[in-house]
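The values are calculated or read from the model by the stated rules, or taken from the named source; none is laboratory data. Just so you know, these numbers come straight off a predicted model, no measurement behind them. Positions of Cβ are generated from backbone atoms using ideal geometry, with glycine treated the same way; all protein chains shown enter the neighbour counts.
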Ligand SMILES: C[S@@+](CC[C@H](N)C(=O)[O-])C[C@H]1O[C@@H](n2cnc3c(N)ncnc32)[C@H](O)[C@@H]1O
């Protein structure tokens, strides 16, 4: 059989497995929504949990067995317990909890067949992801972004920044389209001499500002603005732009303004996806952004777009490389003023 798909194994297994995707998500979702995970840091039987939740014990047992089968729980002598290594990500009030982010992303990235048919036929969409370009969307998304930053992207950003040969000389950094205070606070905490500025749309900026402890009031400044219209903060040694350049009305113009805002030896570090194979790969981004794309927000960059625009914008040297992150393969583009 010719099964030329990149996956290994027979096509039949792959197709059967794909059909189970929604069941897996609904199980994880029920664990979050019913707070099953929050109840199970200590072992409990199905009747004990059913009693706490006010559900039928025999049905709760079926749910817990399936959650165990997926690897969220372990079951010993009829007692269920949350798998230790998943605790930080599944428990609601853990600082690295992925609960809010995953529930939010599922609303943005999933749609049912009727919604899909409606868009295909009419071109019209009322799906939540159609609001991506509006400040109100990002304002509502701050909680989700915080959860994403604390659990996934913060460590990627910190590792990347600290691995730059120029990092030792960086005294001022601008996080453009930060989405939360998370990275700014980590940077300020670890580098008391670093001046950190955050630039984001209002009302996102106000939420970010109010989440920053007064301890950092001398070190972190939050500037509200739209990078398409408002003046950008000047004199940064490094500008970090991660998944934030999509809404540039004129990318080359924005990059020129960012370049001009940098100090003499400054650099712009961008982290975005780079689609390849005529916008059909990598699957992580193409499938992950299928619903927003169908609903009109098809903003992913092609591989090489940002580097080419940086060169056009006058950066004297542009370095690009692909990196694997917890959230899929990404392109790192660094432009030197
Ligand atoms: C996908 S989030 C990325 C957040 C964060 N940088 C990250 O890597 O997770 C996009 C961010 O860009 C901000 N943004 C969108 N349009 C903007 C604009 N015109 N000017 C400034 N920030 C903007 C949004 O408010 C949001 O915080």
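A few points about this structure:
- The lone exception for residue 87 - which of (1) outside any helix (DSSP H, G or I); (2) touching a helix residue (DSSP H, G or I) at 6+ places or on another chain (Cβ under 9 Å); (3) farther than 17 Å from residue 327 by Cβ; (4) modelled with pLDDT of 90 or more it fails: (1)
- Selection count, the range 222-235, where residues are touching a residue at least 24 places away in the same chain (Cβ under 8 Å) and either outside the structural domain of residue 180 (by TED's automatic domain parsing) or within 15 Å of the ligand (Cβ to nearest atom) (or both): 9
- Filtered residue count, the range 111-145, keeping only those that are assigned to a loop (DSSP other than H, G, I, E, B), surrounded by 14 or more Cβ atoms within 10 Å (Cβ to Cβ) and away from the ligand (no atom under 12 Å from the Cβ): 3
- Tally of residues being buried (at least 16 other Cβ atoms within 10 Å of the Cβ) and in contact (Cβ under 8 Å) with a residue 12 or more places away in the chain across the range 84-95: 3
- Boolean, residue 203 is in contact (Cβ under 8 Å) with a residue 40 or more places away in the chain, within 13 Å of the ligand (Cβ to nearest atom) and out of contact with any strand residue (DSSP E or B) (no Cβ under 7 Å at 6 or more places or on another chain): yes
- Members of the range 241-268 that are in contact with a helix residue (DSSP H, G or I) (Cβ under 7 Å, 6 or more places away or on another chain) and surrounded by 21 or more Cβ atoms within 10 Å (Cβ to Cβ): 242, 245, 255, 268
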